[in-house]
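Asker: Before I ask anything, here is the structure I am working with.
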Amino acid sequence: MKYLLDIKEETTESFIFWLKKFAIYKINTTSQRLVKDKNKMQEILSNIDNLSTLFELDKMFKSVRNNGYIGLNVYHQPLFKLYDFIKLKKINSLKKIDTLFLIEFLNETTKFFSSATKMNYRKVITNFFNFLDMYSYTEDNKKFAYYINLKVWEKNNITPDKKVPVYLNEEELKAFFNSLEIYKKQTETTFRNSFIIKLIALTGLRSQEAMDIKYSDIEEYVDFYKIKVIGKGNKYREVIINKIHLKRYLNKKLLLQKANNLVFNNFRGGKLTQAYVSRAVEQVLSMANIKKAKKGTHLLRHTFATQLYRKNRDVVLVKNALGHSDINTSMVYTHIDNEELIKTTNIMNGLI
């Protein structure tokens, strides 16, 4: 269904109207796999049109996030700040907004932000105005199109992020696993935590992927377990782990008895959170006296990817194992290995 672009008398009210429609569109067209309470999500969805202020919309965005749906999160701040900018500039019609206006907004709002955040703002703004292009019309009943193009701004303001991932070297990795064995024996809770930590460290799973695993997702073979995983973008893949690493945590009887249960949950039956698992990783790092700039579960994922590339020199294998959609994401692990570069120091031996 299409709507009048300046549907309200006040431009800010029209913007809120479109923000609500955009939120409904995004919720309905993206995966809700991680939503905790589907009924609550439907209740929120059916009530969005009744909201009338930015404050109410802010509460709605937070409710959606707290219910496990994080897909809407990236749109929150950029669009709320755009609302403030429209109000500040006293724009009297949404038709007055164009590429130059949005470049001014991005320059003012993101000048102290990281390149990654700037990229997010650019994508959100483009996405939102593409949505308006599809679903709006003007007073003379004609289709309205912004044709927003922010590529010039992106080229001049966004530097590709070339940060080298933080990872554990082999000595640190040995110390980490030794400390994990000590940590595991402390309580029933640390025993469970050590299970998920070891699984992430030995497979490179994202923490959310690990927390979503059910016993029925695990297939037992002679010497290993194959685990079915649903990753980012609802992409399916499989990871394999040697049985010897999980023999203290899993057995055939357990897999059959708890087939449809989550492998990892708290003692009230609820899901663990990413923050909780990251804190457990930090505790083990502290026990091992390892200090890193990044300390959560992604440190273990980066470590797995680094070891995988060093041992196999196969970036496609890294891509498939980690579930990357783009091989360029995996290429970063080819740049952090100095062992190959050391070979360049010997090429002139005997010549000088």
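Asker: May I ask you to give the solvent-accessible area per residue for the chain, in square angstrom, as obtained with a 1.4 angstrom probe?
Answerer: 57
Asker: Packing-wise, with mean Cβ within 10 Å as the measure, how do 140-146, 106-112 rank, highest first?
Answerer: Those peptides, ordered most packed to least, come out 106-112, 140-146.
Asker: What length, rounded to one decimal in nm, is gained on full extension from ASN50 through to GLN32, with 0.36 nm per residue of separation minus their alpha-carbon distance? Spell out each step's value before the answer.
Answerer: Numbers: separation 18, 0.36 × 18 = 6.48 nm, distance 2.22 nm.
Result for the pair: 4.3 nm of gain on full extension.
Asker: Let me ask something else about it. Would you compute, from DSSP H runs of 4+ residues alone, the mean residue ellipticity of the chain at 222 nm, taking -39500 (n - 2.57) per run and dividing by the full residue count, rounded to the nearest 500? It would help to have the intermediate numbers written out before the result.
Answerer: Numbers: 17 runs with 191 residues, N = 352.
After summing the helix terms and dividing by the residues of the chain, the value is -16500 deg cm²/dmol.
Asker: What is segment 89-184's relative contact order, in percent, from Cα pairs under 8 angstrom and six or more apart in sequence? Spell out each step's value before the answer.
Answerer: Working: 47 pairs, mean separation 25.9, N = 96.
Relative CO of segment 89-184 lands at 27 percent.
Asker: Still on this model: Express in whole angstrom the spacing between the alpha-carbon centres of segment 245-274 and segment 97-173.
Answerer: 41
Asker: In this model, which of LYS8/LYS118; LYS36/LYS118; LYS214/LYS247; LYS184/LYS258; LYS90/LYS118 are farther than 20 Å apart at the alpha-carbon?
Answerer: Among LYS8/LYS118; LYS36/LYS118; LYS214/LYS247; LYS184/LYS258; LYS90/LYS118, the Cα-Cα distance tops 20 Å for LYS8/LYS118; LYS36/LYS118; LYS184/LYS258; LYS90/LYS118.
Asker: For the chain, give the magnitude of the charge dipole about the Cα centre (Cβ charges: +1 Lys/Arg, -1 Asp/Glu; no others), in debye to the nearest 20.
Answerer: Around 800 debye, computed over the chain.
Asker: Further question on the same structure: With a ≥ b ≥ c taken as the square roots of the eigenvalues of the C-alpha gyration tensor of segment 1-129, please select rounded if a/c is under 1.5 and otherwise prolate if a/b is larger than b/c or oblate if it is not?
Answerer: oblate
Asker: Here is a further query. Defining a contact as two alpha carbons under 8 Å apart and six or more residues distant in sequence, what relative contact order in percent does the chain show?
Answerer: Relative contact order for the chain comes out at 15 percent.
Asker: Sorted by packing (mean other beta-carbon atoms within 10 Å per residue), highest first, where do 205-212, 114-121 land?
Answerer: 205-212, 114-121
Asker: Taking the dipole about the Cα centre of segment 51-148, with the C-beta of Lys and Arg at +1 and of Asp and Glu at -1, give me whichever of PHE129, ILE86, VAL74 is farthest to the positive side.
Answerer: Farthest towards the positive end: VAL74.
Asker: Under the rule a/c < 1.5 gives rounded, and otherwise a/b versus b/c splits prolate from oblate, where does segment 93-143 land using the Cα gyration tensor?
Answerer: It comes out oblate by the Cα gyration axes.
Asker: Could you check how much of the accessible area of segment 205-294 is carbon and sulfur, as a whole percent, using a 1.4 Å probe?
Answerer: Ligands and nucleic acids excluded, carbon and sulfur reach 49 percent.
Asker: Which aspartates and glutamates does LYS143 reach when only Cα atoms under 12 Å apart count, and residues fewer than 8 places away in its own chain are ignored?
Answerer: Partners found: ASP133.
Asker: Shifting gears a bit: Please label the shape of the chain as rounded, prolate or oblate, based on the square roots a ≥ b ≥ c of the eigenvalues of the alpha-carbon gyration tensor (a/c under 1.5 means rounded; beyond that, a/b larger than b/c means prolate, else oblate).
Answerer: oblate
Asker: Using DSSP, restrict attention to beta bridges with both residues in the chain and report what percent are antiparallel, rounded to the nearest 5.
Answerer: 85
Asker: Still on this structure: Greater than 30 Å separation of Cα atoms is the criterion. Which listed pairs, LYS2/LYS319; LYS38/LYS291; LYS174/LYS235; LYS59/LYS87; LYS59/LYS228; LYS226/LYS271, meet it?
Answerer: Violating the 30 Å limit, Cα to Cα: LYS2/LYS319; LYS38/LYS291; LYS174/LYS235; LYS59/LYS228.
The values are calculated or read from the model by the stated rules, or taken from the named source; none is laboratory data. Please read these numbers as outputs of a predicted model, since none were measured by experiment. As a convention, Cβ positions derive from the backbone with ideal geometry for all residues, glycine included, and neighbour counts pool all protein chains shown. Surface areas here come from the heavy atoms of the whole protein model, side chains and all, with no ligands, DNA or RNA. Shrake-Rupley method; radii C 1.70, N 1.55, O 1.52, S 1.80 Å.
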